[in-house]
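One structure is given here, and the rest of the page talks about it.
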């Protein structure tokens, strides 16, 4: 699996932007990606050193339109904590 297939997109929310101060960055990742694969992909793509990776499986929300029900797709979220001596991820610098 390619590193760019593992890291799908950054998650930009109010809570995730506040966690940047603690060197924590949030990404949507591939559902079958493991913590070591996520760590290696972030280190290679952004050129930073990762301390820990926390992952969560997010279930899709139940949606309905009239009498019909459906579910949004489930996805996986990863919160990556960088080491103290690591540089920041420049992608997030302009968003704060």
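The values are calculated or read from the model by the stated rules, or taken from the named source; none is laboratory data. Everything numeric in this text was worked out from a predicted model, so none of it was measured. Cβ atoms come from the backbone with ideal geometry, glycine included; neighbour counts cover every protein chain shown.
This table checks each residue for (1) in contact with a strand residue (DSSP E or B) (Cβ under 6 Å, 6 or more places away or on another chain); (2) surrounded by 16 or more Cβ atoms within 10 Å (Cβ to Cβ).
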{"position": "1", "(1), (2)": "no, no"}
{"position": "15", "(1), (2)": "no, no"}
{"position": "24", "(1), (2)": "yes, yes"}
{"position": "29", "(1), (2)": "yes, yes"}
{"position": "43", "(1), (2)": "yes, yes"}
{"position": "48", "(1), (2)": "yes, yes"}
{"position": "53", "(1), (2)": "yes, yes"}
{"position": "58", "(1), (2)": "yes, no"}
{"position": "62", "(1), (2)": "yes, no"}
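Got at least one residue in segment 61-83 being in a helix (DSSP H, G or I) and either touching a residue at least 60 places away in the same chain (Cβ under 8 Å) or touching a helix residue (DSSP H, G or I) at 6+ places or on another chain (Cβ under 8 Å) (or both)? Scanning segment 61-83 turns up no residue that is in a helix (DSSP H, G or I) and either touching a residue at least 60 places away in the same chain (Cβ under 8 Å) or touching a helix residue (DSSP H, G or I) at 6+ places or on another chain (Cβ under 8 Å) (or both).
Scanning segment 16-34 for residues that are over 17 Å from residue 76 (Cβ atoms) and either assigned to a loop (DSSP other than H, G, I, E, B) or at pLDDT 95 or above (or both) turns up just one, 23. Does residue 37 satisfy the criteria of being surrounded by 10 or more Cβ atoms within 10 Å (Cβ to Cβ) and assigned to a helix (DSSP H, G or I)? Against the criterion (surrounded by 10 or more Cβ atoms within 10 Å (Cβ to Cβ) and assigned to a helix (DSSP H, G or I)), residue 37 qualifies. Can you say whether residue 42 is under 10 Å from the mean Cα position of the chain (by Cα) and part of a helix (DSSP H, G or I), as far as the supplied structure shows? Answer is yes for this residue.
Only one entry in 53, 48 is in contact (Cβ under 8 Å) with a residue 24 or more places away in the chain, under 17 Å from residue 88 (Cα atoms) and in a loop (DSSP other than H, G, I, E, B), namely 48.
Out of everything in segment 64-84 that is over 18 Å from residue 12 (Cβ atoms) and touching a strand residue (DSSP E or B) at 6+ places or on another chain (Cβ under 9 Å), what residue ends up being surrounded by the fewest Cβ atoms within 10 Å (Cβ to Cβ)? Checked segment 64-84; the qualifying residue surrounded by the fewest Cβ atoms within 10 Å (Cβ to Cβ) is 84.
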